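The values are calculated or read from the model by the stated rules, or taken from the named source; none is laboratory data. Note that the structure is a prediction, hence the values are computed from the model and not measured. Using ideal geometry, Cβ is built from the backbone for each residue, glycine included, and neighbour counts are taken over all protein chains shown. The protein model used for the area step is the full one, side chains on, heavy atoms only, and it has no ligands, DNA or RNA in it. Shrake-Rupley method; radii C 1.70, N 1.55, O 1.52, S 1.80 Å.
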Amino acid sequence: MTAPTKHAKLVAWVDEIAKMTQPDSIVWCNGTKAEYDSMIKIMVDAGLATPLKKRPNSFLFRSDASDVARVENRTYIASKSKDDAGPTNNWIDPSELKDIMKKLYKGCMKGRTMYVIPFSMGPIGSPIAKIGVEISDSEYVVTSMHIMARVGSKVLEVLGDAGEFVPCLHSVGKPQLSCQDDLGQWPCAPLDKKYIAHFPEEQTIWSYGSGYGGNALLGKKCLALRIASVIARKEGWLAEHMLILKITNPEGKAKFVAAAFPSACGKTNLAMLVPTIPGWKVETIGDDIAWMKPGKDGKLYAINPEAGFFGVAPGTSMDSNPNAMHSVAKNTLFTNVALTEDGDVWWEGIGYDAPGKLIDWNGKSWTQDKANKAQAPSSHANSRFAAPATQCPAIAAEWEDPAGVPIDAILFGGRRPSTIPLVHQAKSWNHGVFMGSIVGSEITAAALDLKVGSVRRDPFAMLPFCGYNMADYFTHWIKLGEKTPAASQPKFFFVNWFRKTKEGKWLWPGYGENSRVLKWVFEQCDGTGKFVETPIGMMPTVDGIDLPAGVTAEDMKELLSVDVAGWKAEIADVRAEHYPKFGAKLPKELVAELEAIEKRLG
Ligand code: O2Y
Ligand code: MN
């Protein structure tokens with residue numbers, strides 16, 4: 001196929017990769033429905049996709065058991081200097097890694113088609129958007145990229161003859177040497193041959209051996225976070241692992257909120273929240289990534305660079321997230337969930353019992369046995385849906401505004417059964433950066449490095465996604481604050497939906513009731529909130545947040561009190577265990593914030 005572009009650098013790169021990987025043919029993707037349908041047909045015919053009778057144009061995929069999630073220990077930041085990758089990334093010398101990977105890539109697409117996928121992260125042509133071109137030998141990647149990014153000919157038009165793009169090379173790492181199909185098995189390479197590599201100086205991504213999610217859909221975590229964070233630092237903006245939502249009060253006044261949480265804190269649920277407070281509305285701009293740039297007025301303007309949702313299926317139900325359930329009613333790709341006899345999907349926590357005999361994510365027959373608490377689940381814990389954002393009933397009108405939305409508040413959170421109150425507000429930008437730097441969740445099962453009850457810190461929820469030294473990343477945040485006029489700065493909050501009593505009972509119902517906290521956040525941004533100053537920041541007065549059903553005034557007092565002893569222990573943990581990881585590069589401003597809180601605690 002001749003290249004549908006005169007972009008010499010792009011054509012030369014595609015030629016170079018084709019020479020190395022030796023595919024049978026090359027297809028330049030145009031992003032059309034016909035192209036999507038033809039990819040699906042190839043996968044259905046090969047036994048790799050199952051059409052779902054109950055959901056129009058929707059399909060189920062089952063991955064290899066070695067290829068079920070992002071592989072953090074096989075993910076590398078290959079900067080020239082180790083110090084530029086910093087203490088929290090896997091570093092490897094770029095030329096050493098290229099030598100290893102070139103050997104793997106040699107002939108790796110034999111018997112396969114090489115797809116060239118031009119894509120835009122962000123609305124095509126938006127001044128905030130970035131263009132990438134992914135080369136991949138996976139039809140699953142092509143169809144998933146159609147959903148998760150803006151793909152095709154229009155992107156090439158915007159790229160023109162000499163526009164900038166991020167080259168993203170992907171192979172499943174399994175040539176079809178005898179030119180036979182994949183025999184119904186998800187193609188990938190063994191774990192020790194998987195590499196997810198980022199070259200920040202070249203702004204290039206090389207991925208080998210995995211066909212799954214964040215390892216293979218290179219626009220998402222690899223480009224929109226790891227490489228974009230490097231670009232953002234250079235250009236003076238922020239590429240963040242944050243949802244974006246719009247909240248509107250009964251009078252029709254709206255605020256925009258960005259929020260970062262470590263995994264398993266209900267980020268997609270918050271992005272699509274259905275408020276329980278009459279008259280209030282929450283709408284979705286994005287559920288995972290925010291690119292925020294200072295506008296002429298000094299405010300941060302955010303876009304969601306993605307076009308779809310790649311959400312975790314287990315636990316998603318009409319109760320926990322009706323908007324997500326409606327989003328996946330059609331045109332959706334499911335991976336590693338269970339298949340019902342009548343051609344639908346099912347997963348643990350979907351809100352109803354398994355209807356009869358299922359096929360589990362391993363392709364085996366599975367019948368629910370509620371009496372057997374040790375029964376292996378039907379769906380993988382990281383099973384996913386990929387659905388177009390336009391299908392979300394709560395999608396905001398502004399979600400594709402190329403100019404972005406002005407951010408009024410930035411929220412951080414984590415799973416913290418004790419110490420951290422339901423909500424508190426930072427006193428300043430640097431206090432907000434301090435809050436972001438200590439984000440984390442308490443661990444509930446023993447891990448190699450941490451004991452039960454200790455906090456696994458995940459600064460800004462960016463630990464696996466910051467493409468450079470995280471101490472430099474903190475400094476970048478602080479410097480951006482210095483350049484932002486106080487009146488234009490968003491307000492920072494720390495929320496905790498996961499407080500428990502000493503007896504282990506949840507103190508806060510979460511889900512739609514979190515709208516009560518969002519309402520207070522709105523009011524604080526509007527200057528109408530009821531608050532008190534405390535040593536850890538501003539907090540709602542006891543009547544500042546309306547009580548949801550089932551929460552007593554006593555519970556609320558506990559949720560909104562400052563646990564002085566707990567906070568002293570928190571400060572000690574940050575000082576002794578967390579901050580030392582960042583060495584001499586840790587900004588002094590963060591230490592000053594730590595000391596100021598300690599002093600205020602008395
Ligand atoms: O396991 C994967 O490849 C997906 S990871 C993911 C997907 C959607 C949103 N966030 C994440 C994440 O790990 O933060
Ligand atoms: Mn994420």
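Values as computed for the structure displayed
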item	result
Qualifying residues in region 259-274 (those that are part of a loop (DSSP other than H, G, I, E, B), modelled with pLDDT of 95 or more and open to solvent by less than 30 Å² (accessible area, probe 1.4 Å)) - the one farthest from ligand 1 (Cβ to nearest atom)	LEU273
From the options GLY404, GLY356, residue that is over 30 Å from ARG456 (Cβ atoms), outside the structural domain of ARG150 (by TED's automatic domain parsing) and touching a Lys or Arg at 6+ places or on another chain (Cβ under 9 Å)	GLY404
Filter pass, PRO314 being at pLDDT 95 or above, over 21 Å from LYS519 (Cα atoms), open to solvent by 10 Å² or more (accessible area, probe 1.4 Å) and not assigned by TED's automatic domain parsing to the domain that holds LYS519	yes
Residue check, SER317 touching a helix residue (DSSP H, G or I) at 6+ places or on another chain (Cβ under 8 Å) and over 30 Å from TRP477 (Cα atoms)	yes
Test: residue in region 153-163 that is over 20 Å from PRO388 (Cα atoms) and in contact with a Phe, Trp or Tyr (Cβ under 9 Å, 6 or more places away or on another chain)	yes
Residues located in region 463-477, provided they are within 16 Å of ligand 1 (Cβ to nearest atom) and either free of Cβ contacts under 8 Å to residues at least 12 places away in the same chain or out of contact with any helix residue (DSSP H, G or I) (no Cβ under 7 Å at 6 or more places or on another chain) (or both)	LEU463
Among (1) part of a loop (DSSP other than H, G, I, E, B); (2) open to solvent by 10 Å² or more (accessible area, probe 1.4 Å); (3) touching a residue at least 60 places away in the same chain (Cβ under 8 Å) - the single one GLU164 does not satisfy	(3)
Residue list for region 77-93, restricted to those being more than 19 Å from PRO459 (Cβ to Cβ) and either surrounded by fewer than 21 Cβ atoms within 10 Å (Cβ to Cβ) or basic (Lys, Arg) (or both)	LYS80, SER81, LYS82, ILE92, ASP93
The one condition in (1) surrounded by 15 or more Cβ atoms within 10 Å (Cβ to Cβ); (2) farther than 21 Å from GLN22 by Cα that LEU183 fails to fulfil	(1)
Selection status of ASN336, open to solvent by less than 30 Å² (accessible area, probe 1.4 Å), polar (S, T, N, Q), over 18 Å from the mean Cα position of the chain (by Cα) and at pLDDT 95 or above	yes
Selected residue [in a helix (DSSP H, G or I) and in the same structural domain as MET20 (by TED's automatic domain parsing)] from LYS110, LYS80, LYS102	LYS102
Top-ranked residue in region 49-97 [being among the basic types (Lys, Arg) and in contact (Cβ under 8 Å) with a residue 40 or more places away in the chain; ranked as farthest from VAL337 (Cα to Cα)]	LYS80
So SER441, is it hydroxyl-bearing (Ser, Thr, Tyr) and surrounded by 23 or more Cβ atoms within 10 Å (Cβ to Cβ)	no
Test for LEU217: is it within 16 Å of ligand 2 (Cβ to nearest atom), open to solvent by less than 10 Å² (accessible area, probe 1.4 Å) and in contact with a Ser or Thr (Cβ under 7 Å, 6 or more places away or on another chain)	yes
Breaking point among (1) assigned to a loop (DSSP other than H, G, I, E, B); (2) farther than 26 Å from GLY214 by Cβ, for GLU482	(1)
Number of the exception - PRO118 against (1) open to solvent by 10 Å² or more (accessible area, probe 1.4 Å); (2) in a strand (DSSP E or B); (3) not small (Gly, Ala, Ser)	(1)
Of all residues in region 129-153 being modelled with pLDDT of 95 or more and assigned to a loop (DSSP other than H, G, I, E, B), the one that is nearest to GLY219 (Cα to Cα)	ALA149
Selection status of LYS427, of a type in the set (D, E, K, R), over 30 Å from SER66 (Cα atoms) and part of a loop (DSSP other than H, G, I, E, B)	yes
Residue count for region 439-474, restricted to those that are more than 15 Å from HIS241 (Cα to Cα) and in a loop (DSSP other than H, G, I, E, B)	13
Condition broken by VAL71, with the remaining ones in (1) farther than 30 Å from LYS581 by Cβ; (2) within 16 Å of ligand 2 (Cβ to nearest atom) satisfied	(1)
Cross-chain or 6+ apart pairs with Cβ under 6 Å, region 252-264 first and under 11 Å from ALA461 (Cβ atoms), then among the small types (Gly, Ala, Ser) and within 13 Å of ligand 2 (Cβ to nearest atom)	ALA260/ALA461; PHE261/ALA461; PRO262/ALA461
